[in-house]
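A short worksheet on the structure shown next.
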Amino acid sequence: MPAALHPYLNFEGNSREAFEFYGQALGAIPQFVTFGEAGAVPADNPAADKVMHGSLEVTELIRLYVSDVIEGMSPEGFVQGTNVTLSLMGDDETLLRSAYQRLSEGGSITMPLEKQMWGDVYGSFTDRFGIIWQVNIGAPEQA
């Protein structure tokens, strides 16, 4: 996928419930990875069973992503009203790096665009209008 824009939803611990509901309503099966499965928190941490990343791929063009907000994830924690972000993702590194650079001008960087534990290059920021963005650059798919 060269580049696509998808909504990324954040919940206060009930993202699995929300995405199971959305999946039933939209005719798709959600997929989840917990913070514990990803090794982001120890297995005995109360957040281990919370969703680190979930996806609901309804069609090629309709995809939603989700995460539970856990302690330490953001300085303000979960805030209703700012729990939807825009996620640019794909394998077009030039386009996505340029988008990250240009869209973050005048805003504030939350996470620099860097290689992450899941293998992709990822970064996030709030633009100068208060919109939260995520950029994820995956390795190009091999034919």
### Task
Determine the pairs where a residue that is closer than 18 Å to residue 52 by Cβ, located within segment 1-26, has a partner that is open to solvent by 50 Å² or more (accessible area, probe 1.4 Å) and basic (Lys, Arg) with Cβ atoms under 7 Å apart, the partner being 6 or more residues away or on another chain.
13/50
### Task
Consider only pairs whose beta carbons are under 8 Å apart and that are at least six residues apart or on different chains; among these, list those whose first residue lies in segment 33-54 and is within 15 Å of residue 11 (Cα to Cα) and in contact (Cβ under 8 Å) with a residue 24 or more places away in the chain and whose second residue is polar (S, T, N, Q) and not in a loop (DSSP other than H, G, I, E, B).
50/15; 50/34; 51/15; 51/34; 51/67; 54/15; 54/31; 54/67
### Query
Can you spot a residue in segment 58-69 that is open to solvent by 30 Å² or more (accessible area, probe 1.4 Å), touching a Pro at 6+ places or on another chain (Cβ under 9 Å) and hydroxyl-bearing (Ser, Thr, Tyr)?
no
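So that you can scan it fast, the table gives a plain yes or no per residue for (1) part of a loop (DSSP other than H, G, I, E, B); (2) within 21 Å of residue 123 (Cβ to Cβ); (3) at pLDDT below 85:
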position: 49; (1), (2), (3): yes, no, no
position: 52; (1), (2), (3): no, yes, no
position: 55; (1), (2), (3): no, yes, no
position: 67; (1), (2), (3): no, yes, no
position: 70; (1), (2), (3): yes, yes, yes
position: 87; (1), (2), (3): no, yes, no
### Task
Given the conditions (1) under 21 Å from residue 138 (Cβ atoms); (2) modelled with pLDDT under 90, report the number of the one that residue 74 does not fulfil.
(1)
### Query
Do the conditions hold for residue 140, that is, is it modelled with pLDDT under 85 and farther than 28 Å from residue 16 by Cα?
yes
### Task
Report yes if residue 88 is in contact with a helix residue (DSSP H, G or I) (Cβ under 7 Å, 6 or more places away or on another chain), among the aliphatic types (A, V, I, L, M) and over 20 Å from residue 14 (Cα atoms), otherwise no.
yes
#### Entry: Hits in segment 94-117 (condition: polar (S, T, N, Q), open to solvent by 70 Å² or more (accessible area, probe 1.4 Å) and in a strand (DSSP E or B))
110
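The values are calculated or read from the model by the stated rules, or taken from the named source; none is laboratory data. Please read all numbers here as calculations on a predicted model, not as lab measurements. Here Cβ is always computed from backbone atoms with ideal geometry, including for glycine, and neighbour counts include all displayed protein chains. Accessible surface areas use protein heavy atoms only, side chains included; no ligands, DNA or RNA. Shrake-Rupley method; radii C 1.70, N 1.55, O 1.52, S 1.80 Å.
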